[in-house]
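What follows is one structure encoded as structure tokens, with my remarks underneath.
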2 protein chains.
Amino acid sequence: MFKKFKIPEATVGRLTAYSRYLKEADEKGISTVSSQQIAKATGVTPAQVRKDLAYFGEFGTRGVGYNPRELYNYIMKILGLDRRWPVIIIGAGRLGAALAMYGGFAERGFDIVGIFDVDPAKIGNKVGEIEIRPLQELKEKVKDLSIKLGIVAVPAASAQEVVDFMVDCGIKGIINFAPANISVPEGIVLRRVDLASQLEYLTFHLGESR
Amino acid sequence: MFKKFKIPEATVGRLTAYSRYLKEADEKGISTVSSQQIAKATGVTPAQVRKDLAYFGEFGTRGVGYNPRELYNYIMKILGLDRRWPVIIIGAGRLGAALAMYGGFAERGFDIVGIFDVDPAKIGNKVGEIEIRPLQELKEKVKDLSIKLGIVAVPAASAQEVVDFMVDCGIKGIINFAPANISVPEGIVLRRVDLASQLEYLTFHLGESR
């Protein structure tokens, strides 16, 4: 459909921001938005908006702008969000439970369909509507629901082992919240969310000690 | 100390990863590491490691490598982590509470010193050792402890109002977990962590529908 190679990681993140704004604009009944408006609403430059969109083809009408609904639908398709995705979470600790209840996932088409742990004390407890199940049941669940996406919220020390097991169970895309450098085989997409590093970005830019 | 402008955002994130590896290497008693080793451990290319470090000056000995402890200390200084930082969280819901208990912050020098909410039912409850306090008390706390950093874990609809108030209280760097596009005045550093967009990065790269 379009070339995926060489698309910067940051572009993917910005497409998400653009799509949120476009949805809002469409819901307000706005029929045309400019790259300036998209840029202003999402905190980037108009040139950046045009550059990001240019990776995927030609959009909008020169001198007029974009139709919010059309561009929204197209971006959602680019992001693979023209369908819903079942997602499982490994680790039913505080962070895993918070992620299971995080409303922002369902809104974008991600349904948390399972949460797994190895701690016998947690098995059978509920997080919202979802019962915590033993990790050994992961393979069956992944197969039954054709699950491709998983979130890792376990301690750093067990993260690699858990990721290896997820891959073995058929998971293709993994978000890792454990503060550990994890490796995955070719063909598996891994993304690490390092919560402390978000704060480090702030301290770097605040530059207090310099 | 060094130029901060034009440092790519991704470089800052990678410095965090390098520093974790360097700390491990130093703790194992390793006296020299190559850019190849740093690259392998953190999942980037050796050229990327050298490029990232070159922003900040000259490091290591050509043909020999880097001393892990020296480079670790230098990177921590670059990141502003040669000191500890007090941090407050606004929003004592599930996500806010999970973040307050997240062990990865303290390990990197960030101490969660307060958690604030507007819900009278939550005030006075404890998250770990920290008592949830009313949002009105934020200004005093920020002043007393010279707090510069805050985390927003409130619903999207109230995020802008909360951020405005934080800025008014003297907070200079903000991590926003609410799925909302927020604006801040010049001089304030804002970083949005969009948990759903992390999954969108996966679905984009899995490219199933293409």
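For this structure, a couple of remarks:
- Across all directions, the average flat footprint of the convex hull enclosing the Cα atoms of region A:85-197 is 6.8 nm².
- Each peptide in A:52-58, B:71-77, B:61-67 was scored by the mean count of other Cβ atoms within 10 Å over its residues; highest first, the order is B:71-77, A:52-58, B:61-67.
- Helix A:9-27 vs. chain A, principal-axis angle (Cα, 0 to 90°, nearest 10): 70 degrees
- For region B:9-78, the Kirkwood estimate of the hydrodynamic radius, built from every pair of different alpha carbons, is 11.7 Å.
- In region B:58-101, one over the average inverse separation of all distinct C-alpha pairs is 13.5 Å, which is the Kirkwood hydrodynamic radius.
- Net charge dipole, chain B: roughly 780 debye, given to the nearest 20, about the Cα centre with Cβ charges of +1 for Lys and Arg and -1 for Asp and Glu.
- Bridges between two residues of chain B, per DSSP, are antiparallel at a rate of about 15%.
- Shielding by partners, peptide A:183-189 (average Cβ within 10 angstrom, other chains): 2
- In chain B, the ratio of gyration radius to Kirkwood radius, Rg to Rh, stands at 1.02 when only Cα atoms are counted.
- Calculated FRET efficiency, A:A54 to A:D82, Cβ-Cβ distance, R0 = 25 Å: about 0.75 to the nearest 0.05.
- For the protein assembly as shown, size of Cβ-based charge dipole, Lys and Arg +1, Asp and Glu -1, in debye: 1220 debye
- Shielding by other protein chains, A:73-80, mean Cβ within 10 Å: 4
- Relative to the Cα centre, the charge distribution of region B:89-150, modelled as +1 at Lys and Arg Cβ and -1 at Asp and Glu Cβ, gives a dipole magnitude of about 140 debye.
- Averaging Cα coordinates gives a centre for region B:130-160 and one for region A:179-193; these two points are 34 Å apart.
- Computed from the alpha carbon positions, the gyration tensor of the protein assembly as shown leads to an equivalent ellipsoid with semi-axes of 30, 27, 27 Å, biggest first.
- Relative contact order for region A:9-78: 41 percent, from Cα pairs under 8 Å spaced at least 6 residues apart, divided by residue count.
- Bridges between two residues of the protein assembly as shown, per DSSP, are antiparallel at a rate of about 15%.
Bear in mind these aren't lab numbers, they're just calculated from the coordinates by the rules spelled out. In this text, all values refer to a predicted model and were calculated from it rather than measured experimentally. Neighbour counts are summed over all protein chains in view; Cβ atoms, including those assigned to glycine, are modelled from backbone coordinates with ideal geometry.
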